[in-house]
Amino acid sequence: MSLSSVPMDVPHAGIRWSCHFSSWDTDGMAASRDKLVVTPLTARLWPTFVDLLDEGGPASRCWCMAPRIGASYRRQSPGQNRDAFQDIVEEGPPPGLLALEGKTAVGWCQLTSREVVPAVERSWRTRRVDELPVWLISCFYVRKGHRRQGITALLIQAAVDRARSAGVSAIEAYPLDGEVSPSATSTGYASTFAAAGFREVARRSPERPIMRLGLA
């Protein structure tokens, strides 16, 4: 099933989640907030998303275009990447999920079918393992001051719930193995995905496993 066939803006179809952090705090630190809401990124929420990514750093240069166009995002200005992603959001379907604390976005993950992020297939580390149609969690961003509080794990679970409700066969990710490389990562850490039930299905470079959760 393609992401475009799923009505992600229907409020009572498993689209909106209210999750307690205590169930998903897998990074060893106590969660400081009781509840967040995770909801699809729609055009209405674009200003909220911009406020999140405009904090600076790599995310404010890439604007989540790297999984779509690869290294070409570096040859475009941040404004060009932002405008390109805004076009994607406005055209729909929603390309991912926002974690909201009140009206403030504190976390984001890009969730799509594999077909709409072709740069993932072009990389030898992350090319497809088999022909199973999958959805991908291709990147995260968590607001400064809210990190190491379980938000990434919360977004993973919301993405899994969304994919399952859409009848998707499996969901994949390409996180960093923190035991091999201590680098910061926009794709999450393997240990967080393992805690959510994902299993390694391939590893073509020491630091980058391909992890999958079957949903069928």
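The values are calculated or read from the model by the stated rules, or taken from the named source; none is laboratory data. What you are looking at is a predicted structure, and each value in this text was computed from that prediction instead of being measured. Neighbour counts run over all protein chains shown; Cβ positions are idealised from the backbone, glycine included.
Out of R164, R148, I need the residue that is basic (K, R) and under 17 Å from L97 (Cβ atoms). Which one?
Answer to the selection: R164.
Go through the range 53-80 residue by residue and tally those that are without any contact (Cβ under 8 Å) to a residue 24 or more places away in the chain, closer than 28 Å to G145 by Cβ and outside any helix (DSSP H, G or I).
Within the range 53-80, residues that are without any contact (Cβ under 8 Å) to a residue 24 or more places away in the chain, closer than 28 Å to G145 by Cβ and outside any helix (DSSP H, G or I) number 6.
I'd like to check something: does the range 26-36 contain any residue that is at pLDDT below 50, of a type in the set (V, I, T) and surrounded by 12 or more Cβ atoms within 10 Å (Cβ to Cβ)?
Checked the range 26-36: at least one residue is at pLDDT below 50, of a type in the set (V, I, T) and surrounded by 12 or more Cβ atoms within 10 Å (Cβ to Cβ).
Those residues that are surrounded by 20 or more Cβ atoms within 10 Å (Cβ to Cβ) and in a helix (DSSP H, G or I), I need them from the range 172-216; list them, please.
Passing the criteria: A190, T192, F193.
Taking the residues in the range 104-148 that are assigned to a loop (DSSP other than H, G, I, E, B) and of a type in the set (G, A, S) as candidates, determine which candidate is nearest to V50 (Cα to Cα).
My answer is G145.
Going through the range 88-121 one residue at a time, which ones are of a type outside the set (V, I, T) and farther than 21 Å from A170 by Cβ?
Within the range 88-121, E90, E91, G92, L98, A99, L100, E101, G102, K103, A105, G107, W108 meet the criteria.
Looking only at the range 155-171, decide whether some residue is of a type outside the set (D, E, K, R), out of contact with any Pro (no Cβ under 7 Å at 6 or more places or on another chain) and part of a strand (DSSP E or B).
Yes.
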